[in-house]
Amino acid sequence: MALMERDNLHLLLNEELYLIDKTTHNTKITDPKDVRISVANQAKNIGEEYGEDQKIIGLAIFHESNKKEELQLLEKIIAACKLKKEQYQVFSTGLDTSIKFEKALVFATSSETHYQPFEDNGQQKLYAAPLSEIMNNRSEKAKLWDALQVYLASGS
């Protein structure tokens, strides 16, 4: 069995999730057990995160974008809101109703209630236009900013 070098690991992993510095990761994986243990630990952590005792996220941000420019826009929006990392979590899978949160910011085309917060099953939601639409539309940016100022200032 050939040894897998970490130098080539970046070819398998999505760089958005895992940025690997090739100059510092030169070690080889020699024992398949190491890989199995790592996967088992990840599964355990995921189970803890999404299990019965799932932590309630303060602000869940849902989007479906994979374009670099749109993700940079999302980062700018978060920075402008002055959110601390422990206050929010970003999900790139669109709205996931299995995730527990107090508030959600959802970038989606399927809503008729853009920029109008509402409560659904005890969770507050604010739908916004997709990042692709907000990207070059000053009017949409203004609507989002106005809605976010009110939404984030309001208590849960």
Exercise. Residue-wise, which Karplus ³J(HN,Hα) couplings in Hz belong to the range 101-113, taking 6.51 cos²θ - 1.76 cosθ + 1.60, θ = phi - 60°, and x for glycine or proline?
Worked result: 8, 7, 9, 9, 10, 10, 8, 8, 8, 7, 9, 9, 10
Exercise. Applying the Karplus parametrisation 6.51 cos²θ - 1.76 cosθ + 1.60 with θ = phi - 60° to the phi angles of the range 117-122, what ³J(HN,Hα) value in whole Hz is obtained for each residue in order, glycine and proline being reported as x?
Worked result: x, 8, 9, 9, 6, x
For this session: May I ask you to evaluate 6.51 cos²θ - 1.76 cosθ + 1.60, the Karplus curve with θ = phi - 60°, for each residue of the range 143-151 and list the ³J(HN,Hα) values in order in whole Hz, giving x for glycine and proline?
Result: 4, 4, 4, 4, 5, 5, 4, 6, 4
Exercise. Once amide H atoms are built 1.01 Å from N in the peptide plane, which residues 5 or more positions from Val106, or in another chain, come under 5 Å H to H?
Worked result: Phe62, Leu126, Tyr127, Ala128
Exercise. Using the Cα gyration tensor of the range 69-137, with a ≥ b ≥ c the square roots of its eigenvalues, what is the shape: rounded (a/c below 1.5), prolate (a/b larger than b/c) or oblate (neither)?
Worked result: oblate
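Bear in mind that the values in this text are calculations on the coordinates, not laboratory data. Model, not experiment: these values are computed from the prediction.
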